[in-house]
Number of protein chains: 2
Amino acid sequence: MQQQKEVSRRNFLKNTSLVTAMGLSIPQIISTAFAAETSKKRVTIEKDEVILFQGDSITDAGRKKDDSSVNNASALGNGYAMLAAAEMLFKHADKNLKIYNRGISGNKVYQLAERWEKDALDLKPQVLSILIGVNDFWHKLLGRYEGTVDVYNKDLRALLDRTKQKFPDVKLIIGEPFAVTGTKAVDEKWFPAFDEYRKAAREIADSFDAVFIPYQSVFDKAQSSAPGVYWTNDGVHPSVAGARLMAEAWLKAVKG
Amino acid sequence: MQQQKEVSRRNFLKNTSLVTAMGLSIPQIISTAFAAETSKKRVTIEKDEVILFQGDSITDAGRKKDDSSVNNASALGNGYAMLAAAEMLFKHADKNLKIYNRGISGNKVYQLAERWEKDALDLKPQVLSILIGVNDFWHKLLGRYEGTVDVYNKDLRALLDRTKQKFPDVKLIIGEPFAVTGTKAVDEKWFPAFDEYRKAAREIADSFDAVFIPYQSVFDKAQSSAPGVYWTNDGVHPSVAGARLMAEAWLKAVKG
């Protein structure tokens, strides 16, 4: 299993060199990642819809927690959620979209569950985007949390069941947890254990008919134009460039 | 003069109706505004360049003033400067760009001049983008400032002379001060006096061979898809959508 992954990683590195040699732009690289990693499924954004971003610090991105207002810059933070929101509010100015960010730094799945009523269901989202999992793994690695990948899997499925029960037609977007090596926080101790969380997220997306965003391969492939630390300094939290990279991938998951 | 403006405004309204009838997208509308209002001049962004955004609250956009670090989300705020920076850092990941925001809320031109050494010249920018003027007019209207449009004109020219003396090859981008009516802060008392500041900024851009960004017509034309308050709640400070609109116009002023 691990050997297979290493072979696949070597093939990937060969492929990214090829991508660079072909002089592809970053947006083209992302399209390539999508074509390779995802189905052609997209979420359609309709008039008057509520779009909710949920997750941990990557989604939170310094948003003002005491500002619950809609489509507000401070309330959206300055990460991928804000960048994707800005793009949607700009391109679909005639659609009366209502966009919220309720990511909270440090959150694991069980912590989303604890605040799900207030921070998700009460907002009645038509489109729900969730990126969660890196803390479920990382905090365990650091000895600050006991949950395993099975807990992550079970808790996230329960959360989505609960959501679907209340809103059967909610359009789901699940982001792949990602980690970039050669950075401050991510080293060889992360692998292959972390890959299990990525795999779980992908399988959950399939089970719930969600659009899956393959952030790991997006970040991997982006390294053909700049090193990992350019996109995320510590390997977990994206830089401005990394947030924009994520927003580009996120926006490929929707159509207007 | 004023009559001419009204005629031109009526023609503009006819044109925007036409634009809407033609079903143009917002990016197309911005291109139209650019084609009508500006020369084809663009600033070329080269490898290793320092790009500096200067201005008032519109540029500031809640940036953390105690964070002077480069390419940093908090230090870039969450307005048009951050959105334009994110786009450049994403698309030109291989160019090692260094992007700063030093806008400060409430600033008029003389206040830029007071901090110009530390907040502009010391950063040695190759590309310098300035958006200033709305407070020079607004604070006078509110009786909190005595400077006239002649002071604005003279002070901004002096600031650019000083900059060119130190960096003869600096690439300048001058944004047009703008105000959107039918909002909380902007009413008929603003016109036609405010238009003189717009005119001054445009003439200064011409004199200094700067690329001029016609934000007023960009905001005017955007109203064919959503009302003014959608783009700026008080008529001066852009919403998330308005900031993205400005970033789109700004990005049209540069090429990679």
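A few remarks follow.
- Members of the range B:150-173 found to be in contact with a Gly (Cβ under 9 Å, 6 or more places away or on another chain) and not acidic (Asp, Glu), listed by number: B:TYR152, B:LEU156
- Some residue of the range B:184-194 being under 18 Å from B:ILE58 (Cβ atoms) and open to solvent by 10 Å² or more (accessible area, probe 1.4 Å): yes
- The range B:218-237, subset at the interface with chain A (Cβ under 9 Å from one of its Cβ atoms) and open to solvent by 10 Å² or more (accessible area, probe 1.4 Å), residue nearest to the chain's Cα centre (by Cα): B:TYR230
Residue-by-condition table, conditions (1) closer than 24 Å to A:HIS237 by Cα; (2) within 15 Å of the chain's Cα centre (by Cα); (3) not aliphatic (A, V, I, L, M):
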residue: A:ASP119; (1), (2), (3): yes, no, yes
residue: A:TRP138; (1), (2), (3): yes, no, yes
residue: A:GLY147; (1), (2), (3): yes, no, yes
residue: A:ASP155; (1), (2), (3): yes, no, yes
residue: A:PHE167; (1), (2), (3): no, no, yes
residue: A:ALA200; (1), (2), (3): yes, yes, no
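- Identity of the residue in the range A:62-80, facing another protein chain (nearest Cβ under 8 Å) and touching a residue at least 60 places away in the same chain (Cβ under 8 Å), that ends up farthest from B:ALA61 (Cα to Cα): A:GLY79
- Residues of the range B:133-156 classified as open to solvent by 60 Å² or more (accessible area, probe 1.4 Å), in a helix (DSSP H, G or I) and under 15 Å from B:GLY106 (Cβ atoms), total: 2
Residue-by-condition table, conditions (1) closer than 13 Å to B:ILE51 by Cα; (2) basic (Lys, Arg):
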site	(1), (2)
B:MET82	yes, no
B:ALA85	yes, no
B:LEU89	yes, no
B:ALA93	no, no
B:LEU112	no, no
B:ARG115	no, yes
B:ASP122	yes, no
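- For first residues located in the range A:122-144 and basic (Lys, Arg), partners that are open to solvent by 30 Å² or more (accessible area, probe 1.4 Å) and lie 6+ apart or on another chain with Cβ distances below 8 Å form the pairs A:LYS124/A:PHE167; A:LYS140/A:GLU146; A:LYS140/A:THR148.
- Count of the range B:63-92 residues which are open to solvent by 10 Å² or more (accessible area, probe 1.4 Å) and either polar (S, T, N, Q) or touching a Ser or Thr at 6+ places or on another chain (Cβ under 6 Å) (or both): 8
- Residues that are within 12 Å of A:ALA241 (Cα to Cα) and small (Gly, Ala, Ser), drawn from the range B:87-111: B:ALA93
- Scanning the range B:112-128 for residues that are part of a helix (DSSP H, G or I) and out of contact with any strand residue (DSSP E or B) (no Cβ under 8 Å at 6 or more places or on another chain) yields a count of 7.
- Which listed residue, of A:THR181, A:THR163, is under 27 Å from A:ASN96 (Cβ atoms) and more than 14 Å from the chain's Cα centre (by Cα): A:THR163
- Checked against (1) within 12 Å of another protein chain (Cβ to nearest Cβ); (2) open to solvent by 10 Å² or more (accessible area, probe 1.4 Å); (3) under 17 Å from A:ILE130 (Cα atoms); (4) in contact with a Lys or Arg (Cβ under 7 Å, 6 or more places away or on another chain), A:VAL50 passes all but a single condition, namely (1).
- Qualifying residue in the range B:114-128 (condition: within 14 Å of chain A (Cβ to nearest Cβ) and either buried (at least 24 other Cβ atoms within 10 Å of the Cβ) or modelled with pLDDT under 95 (or both)): no
- Given (1) over 27 Å from B:ARG202 (Cβ atoms); (2) more than 11 Å from chain A (Cβ to nearest Cβ), number of the condition B:GLN111 does not satisfy: (1)
- Flag if B:SER25 is open to solvent by 40 Å² or more (accessible area, probe 1.4 Å), within 14 Å of chain A (Cβ to nearest Cβ) and among the hydroxyl-bearing types (Ser, Thr, Tyr): yes
The values are calculated or read from the model by the stated rules, or taken from the named source; none is laboratory data. For clarity, every value in this text was computed on a predicted model and none was experimentally measured. Neighbour counts are summed over all protein chains in view; Cβ atoms, including those assigned to glycine, are modelled from backbone coordinates with ideal geometry. These accessible areas exclude ligands, DNA and RNA; they are computed on the full protein's heavy atoms, side chains included. Shrake-Rupley method; radii C 1.70, N 1.55, O 1.52, S 1.80 Å.
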